[in-house]
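J.: I'd like to ask you about the structure that follows.
The values are calculated or read from the model by the stated rules, or taken from the named source; none is laboratory data. Remember, it's a predicted structure, so these values are computed and weren't measured experimentally. In this analysis, Cβ positions are derived from the backbone assuming ideal geometry, glycine residues included, and neighbour counts consider all displayed protein chains.
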Amino acid sequence: MAEGFPEFFDVRAFGRTIDTGFNQIVTDYGQTLEAIFLPVLKLLLAMEKILQWLPWWAVLLVLTALAYAASRRWTVALSVAVMTFCIGLIGVWDAAMATIALMVVATLLAVIIGLPIGVAMSRSKRMQSITLPVLDVMQTMPIFVYLIPFVMLFGPGKIPALLATIVFAIPPVIRLTNLGIRGVDAEIVEATRAFGASSGQILFTVQIPLALPTILAGINQTTMMALSMVVIASMIGAGGLGYQVLQGIQRLQISSGLLAGLGIVLLAIIFDRIAQSYGKRMQTSLKLEH
């Protein structure tokens, strides 16, 4: 029999220490954290109620208008309208609205948190060297691992599902914001600095506008990753289309899981079309200005 790997330290004792420490955090700060995230929960529930309260045609018109405003092309707007109509046609409208609410709030918070981190990374090599390994861990860690600490802190429900979605979805917007700003032509930056512009002015008037297509690509990827979390998040009370997929698995109902999965695919295509069309239009506009 082959000799086992030598035990250099007591892994079980280390694990018990981590568990005990986290349980103590839950005991001491659990209620405080719940109070801190209560406004976020209210925002999520309010958005979900509004989307489910609105008539289906109003949501369809809003998404169609967004698609046209992003692309300035009727073909894109029409395709979004048809796909939105199909979501209602297959009978998953209310669940889809709950999924959109979770995805929009998660993406919004991920962008609010991620953009400043990406900007800070682009302006500091030390910040970049510290943040990149953390992002690598966040992107490679199994999704289920994110759920354990959040469920321990908040219990099953929408808040742990939202936080796990943010942690899973935030790396692309951070990475591509950093990459986009670092990729701006150094000669343009130096020319702007030579005219007396401050670092802040260079950032907001030169670097961010020129990096905008890359930043929008990061936001698009973050949106898609947030949407891909809906099935996993449904296991801890997120609801929406993911819960219907989970029910299909539990009850062995192929039709239920198939229709909910199709609804997720349609939502992904809709928001991808809107985001990509806007990114392409901005890129074309910046080239023309240049």
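J.: Consider Ser129 against the criteria (1) within 20 Å of Val40 (Cα to Cα); (2) surrounded by fewer than 22 Cβ atoms within 10 Å (Cβ to Cβ); (3) of a type in the set (S, T, N, Q): it satisfies all of them except one. Which criterion is unmet?
T.: (1)
J.: Pick out the one residue from Ala191, Ala211 that is among the small types (Gly, Ala, Ser), free of Cβ contacts under 8 Å to residues at least 60 places away in the same chain and either under 25 Å from Phe22 (Cβ atoms) or surrounded by fewer than 21 Cβ atoms within 10 Å (Cβ to Cβ) (or both).
T.: Values: Ala211 fails: either under 25 Å from Phe22 (Cβ atoms) or surrounded by fewer than 21 Cβ atoms within 10 Å (Cβ to Cβ) (or both).
Being among the small types (Gly, Ala, Ser), free of Cβ contacts under 8 Å to residues at least 60 places away in the same chain and either under 25 Å from Phe22 (Cβ atoms) or surrounded by fewer than 21 Cβ atoms within 10 Å (Cβ to Cβ) (or both) holds for just one of Ala191, Ala211, which is Ala191.
J.: Here is a follow-up. Could we say that Leu203 is in a helix (DSSP H, G or I), out of contact with any Asp or Glu (no Cβ under 7 Å at 6 or more places or on another chain), in contact (Cβ under 8 Å) with a residue 12 or more places away in the chain and closer than 30 Å to Ile130 by Cβ here?
T.: Details: in a helix (DSSP H, G or I): yes; out of contact with any Asp or Glu (no Cβ under 7 Å at 6 or more places or on another chain): yes; in contact (Cβ under 8 Å) with a residue 12 or more places away in the chain: yes; closer than 30 Å to Ile130 by Cβ: yes.
So Leu203 passes the test.
J.: Right, another one. Between residues in the stretch 121-136 that are in contact (Cβ under 8 Å) with a residue 12 or more places away in the chain and under 17 Å from Val173 (Cβ atoms) and residues that are among the charged types (D, E, K, R) and surrounded by 15 or more Cβ atoms within 10 Å (Cβ to Cβ), which pairs lie under 8 Å by C-beta distance while being six or more apart or on different chains?
T.: From residues that are in contact (Cβ under 8 Å) with a residue 12 or more places away in the chain and under 17 Å from Val173 (Cβ atoms), the pairs are Ser122/Arg182; Leu135/Arg175.
J.: Suppose we filter Leu108, Leu66, Leu115, Leu61 for residues that are farther than 25 Å from Ser256 by Cβ, more than 22 Å from the chain's Cα centre (by Cα), assigned to a helix (DSSP H, G or I) and not charged (D, E, K, R); which single one remains? Before you say what the answer is, go through the steps one by one.
T.: Details: Leu108 fails: more than 22 Å from the chain's Cα centre (by Cα); Leu66 fails: more than 22 Å from the chain's Cα centre (by Cα); Leu115 fails: more than 22 Å from the chain's Cα centre (by Cα).
Within the list Leu108, Leu66, Leu115, Leu61, the selection yields Leu61.
J.: Between Gly218, Gly239, Gly279, which is within 27 Å of Ala101 (Cβ to Cβ), in a loop (DSSP other than H, G, I, E, B) and not aliphatic (A, V, I, L, M)?
T.: Values: Gly218 fails: in a loop (DSSP other than H, G, I, E, B); Gly279 fails: in a loop (DSSP other than H, G, I, E, B).
Of Gly218, Gly239, Gly279, the one residue that is within 27 Å of Ala101 (Cβ to Cβ), in a loop (DSSP other than H, G, I, E, B) and not aliphatic (A, V, I, L, M) is Gly239.
J.: Provide a single number: the residues in the stretch 142-162 that are surrounded by 15 or more Cβ atoms within 10 Å (Cβ to Cβ) and either without any contact (Cβ under 8 Å) to a residue 40 or more places away in the chain or assigned to a helix (DSSP H, G or I) (or both).
T.: Step one: list which residues in the stretch 142-162 are surrounded by 15 or more Cβ atoms within 10 Å (Cβ to Cβ), which gives 143, 146-147, 149-154, 157-162.
Checking which are either without any contact (Cβ under 8 Å) to a residue 40 or more places away in the chain or assigned to a helix (DSSP H, G or I) (or both) leaves us with 143, 146-147, 149-154, 158-162.
Final tally of qualifying residues: 14.
J.: From the set of residues in the stretch 246-266 that are modelled with pLDDT of 80 or more and of a type in the set (Val, Ile, Thr), which is surrounded by the fewest Cβ atoms within 10 Å (Cβ to Cβ)?
T.: Selected residue: Ile254.
J.: Somewhere in the stretch 87-102, is a residue acidic (Asp, Glu) and either farther than 25 Å from Leu212 by Cα or not in a helix (DSSP H, G or I) (or both)? Please lay out each step first, then the result.
T.: Start the filter on the stretch 87-102 by keeping residues that are acidic (Asp, Glu), which leaves 94.
Now narrow it down to the ones that are either farther than 25 Å from Leu212 by Cα or not in a helix (DSSP H, G or I) (or both): 94.
Yes, the stretch 87-102 has at least one match.
J.: Can you tell me which residue in the stretch 132-141 is surrounded by the fewest Cβ atoms within 10 Å (Cβ to Cβ), limited to those that are touching a Pro at 6+ places or on another chain (Cβ under 8 Å) and over 12 Å from Thr177 (Cβ atoms)?
T.: Looking only at the stretch 132-141, we keep the residues that are touching a Pro at 6+ places or on another chain (Cβ under 8 Å), and these are 135, 138-139.
Filter again for over 12 Å from Thr177 (Cβ atoms), leaving 138-139.
Numbers: Met138: 15, Gln139: 13.
Among them, the one singled out is Gln139.
J.: From the list Leu267, Leu176, Leu212, which residue is within 23 Å of Phe85 (Cα to Cα) and either among the hydrophobic types (A, V, I, L, M, F, W, C) or not in a helix (DSSP H, G or I) (or both)?
T.: Details: Leu176 fails: within 23 Å of Phe85 (Cα to Cα); Leu212 fails: within 23 Å of Phe85 (Cα to Cα).
Just one listed residue meets the conditions, Leu267.
J.: Specify which of the listed residues (Phe195, Phe154) is hydrophobic (A, V, I, L, M, F, W, C) and touching an Asp or Glu at 6+ places or on another chain (Cβ under 7 Å). First the steps, then the outcome.
T.: Working: Phe195 fails: touching an Asp or Glu at 6+ places or on another chain (Cβ under 7 Å).
Only one candidate qualifies: Phe154.
J.: Criterion first (out of contact with any Cys (no Cβ under 8 Å at 6 or more places or on another chain), of a type in the set (A, V, I, L, M), more than 21 Å from Ile269 (Cα to Cα) and surrounded by 20 or more Cβ atoms within 10 Å (Cβ to Cβ)) does Ile170 satisfy it? Explain how you work it out, then say what you get.
T.: Numbers: out of contact with any Cys (no Cβ under 8 Å at 6 or more places or on another chain): yes; of a type in the set (A, V, I, L, M): yes; more than 21 Å from Ile269 (Cα to Cα): no; surrounded by 20 or more Cβ atoms within 10 Å (Cβ to Cβ): yes.
Here the answer is no, as Ile170 does not meet what is asked.
Each row is one residue, and each column tells you yes or no for (1) farther than 30 Å from Leu108 by Cα; (2) surrounded by 12 or more Cβ atoms within 10 Å (Cβ to Cβ); (3) touching a Ser or Thr at 6+ places or on another chain (Cβ under 8 Å); (4) at pLDDT 85 or above.
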| position | (1), (2), (3), (4) |
| --- | --- |
| Phe9 | yes, no, no, no |
| Gly21 | yes, no, no, no |
| Ser71 | no, yes, yes, no |
| Ser79 | no, yes, no, yes |
